[in-house]
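Written out below as structure tokens is the structure these notes cover.
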């Protein structure tokens, strides 16, 4: 993984986001600039904008560790009192270390004549008290950051710590501080495991990485190949300073980008993130295009193809996006208007202009299914890689849980199959959208981290879906179906949304292996030629349910919240032979005479097909139960999609007059 991070730093556009080697983007800005003339100095408040927040960094905590030409006032000026009135007892020690660092810079081979003269002026200003003569000196606090500029000469107006010579010195200095030493205190050299060059080896990665809390070191949970932290007091990790620092800088840049970072699981209790929990999972992903890559169709532009939905890289990551949580963040799965969200308070954030994850996934799915575009253009980019890493960050470490680095062409093929596998028509038979992994997990009411990573492998590596997916989806689909329509509009709307996602999970679990050959439309909606007995039984139950609803409406202009079919779903989906004869008899006598010709024909046709396959199955295994649920979902949607305008109007009127369960 470290190799891939370092390689990504070579990307021309991405590299513009990175601070220089040995630098870190601090959240605290530089407060004061000491402007130096030939005979005096003055203080000015710094411009707080842009990359001026990027400064030398060692990862210091409690130790005394000075930075060159830019540091806290306790180091630069020896000021001991902070803005809260507290006194830093180590201010004198810190200041002495800063002065010593300036002296080392004067003698360093990296420093040229211009910067050496500027450093000499800095030393004079400090030792002769030029800065203390400024009226604003008393405003400086021990924790305020201070840096230097010249008022004349070739370096006029330039922050001295940003001078190329100062940067080169800092790389050598920082490497010296964290180098591994032998028993004679000599620096240990060796072959860097990333760049392959023989250089001084370091004992720790200097810059911590940040995902959800304070920066911390990279660790692997249980794979020694990924060890990146010091294993002992005399150990090293076969890394040179430049590679370790670059990997961390790239990591933090990716983590700070919405297009490269996705929160998969966040362990919360009482609304607060449990920072100590290893259940927290965050993914970073990116695409590496080598400079010498041969693009046989360079005119193809993914950004243009995706239109307003953003870039291709970010769209690939939407498979990992959390399911939307609020009604105004969701699409309409039920064919009805979604419940209106509560009014926002004055201080609440407004909705984003960015597209919903489901919308961009749908756009990506259509794009990848266009033959002659996606395959012909993506798979012919030689050497292009897709990288994805899943981490469990907590307070003490950032553990690598999953690592994927594959040819982009292979990944695109697997992503297409996943998107097709999770695309199912909704409850009203309308074209559905692909579902993110988190949408499936939310619908199954589980936060199983292992299952999440298994689905990530399915989506990006093409591995078969885990067996647990089918079992959980079947159980939850049965539970929500038997539960019936809810009184509260939001609760019912959410139930329908989850049922839709569960139908997608059933399809993915059952038919993932057939999607590549059967195309993007397979099992999306009703498959009239499918002769699987379990699938046919599910379809039959949906027809019987609709017959009862039509009968109920004709009797009293109302609809049932829970039908006989729904109450019988558990038994019907596990032991069809024991209940379907009774359900069919009830429907034939009580409901079908007033349900219309079409439903009667559908029931007779389905029964004939089931008989042709050997009759009602005595029992159904887990795969059979999954097919039963999928058949039920498809048939219900197909019935509603083919309603006449009169049927739709009658349903709207009946919806407002629902009754309880069937007698």
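Below, the figures for the structure above:
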{"quantity": "Where residue 110 falls short, out of the listed (1) at pLDDT 95 or above; (2) in a helix (DSSP H, G or I); (3) surrounded by fewer than 20 Cβ atoms within 10 Å (Cβ to Cβ)", "calculated": "(2)"}
{"quantity": "Residue among 517, 481 that is outside the structural domain of residue 571 (by the TED database), crowded, with 20+ Cβ neighbours inside 10 Å and over 27 Å from the mean Cα position of the chain (by Cα)", "calculated": "481"}
{"quantity": "Output for the stretch 73-91, where each listed residue is under 26 Å from residue 120 (Cα atoms) and out of contact with any helix residue (DSSP H, G or I) (no Cβ under 8 Å at 6 or more places or on another chain)", "calculated": "73"}
{"quantity": "Residue 517, sole failed condition from (1) within 21 Å of residue 572 (Cα to Cα); (2) without any contact (Cβ under 8 Å) to a residue 24 or more places away in the chain", "calculated": "(1)"}
{"quantity": "Contacts under 6 angstrom Cβ, first residue in the stretch 548-576 being not assigned by the TED database to the domain that holds residue 595, partner crowded, with 20+ Cβ neighbours inside 10 Å and at pLDDT below 90, 6 or more apart", "calculated": "none"}
{"quantity": "Breaking point among (1) modelled with pLDDT under 95; (2) assigned to a loop (DSSP other than H, G, I, E, B), for residue 465", "calculated": "(1)"}
{"quantity": "Failed item, numbered, when residue 31 is tested on (1) part of a strand (DSSP E or B); (2) crowded, with 21+ Cβ neighbours inside 10 Å", "calculated": "(2)"}
{"quantity": "Lone unmet requirement of (1) in contact with a helix residue (DSSP H, G or I) (Cβ under 9 Å, 6 or more places away or on another chain); (2) under 27 Å from residue 207 (Cα atoms); (3) not in a helix (DSSP H, G or I) for residue 60", "calculated": "(1)"}
{"quantity": "Of all residues in the stretch 546-579 being touching a strand residue (DSSP E or B) at 6+ places or on another chain (Cβ under 9 Å) and assigned to a helix (DSSP H, G or I), the one that is modelled with the lowest pLDDT", "calculated": "556"}
{"quantity": "Residue count, the stretch 581-629 (criterion: under 21 Å from residue 642 (Cα atoms) and within 46 Å of the chain's Cα centre (by Cα))", "calculated": "5"}
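The values are calculated or read from the model by the stated rules, or taken from the named source; none is laboratory data. From a predicted model like this one, the values you see are computed outputs, not experimental measurements. Don't worry about glycine lacking a Cβ; one is built from the backbone with ideal geometry, like all the others, and counts go over all protein chains shown.
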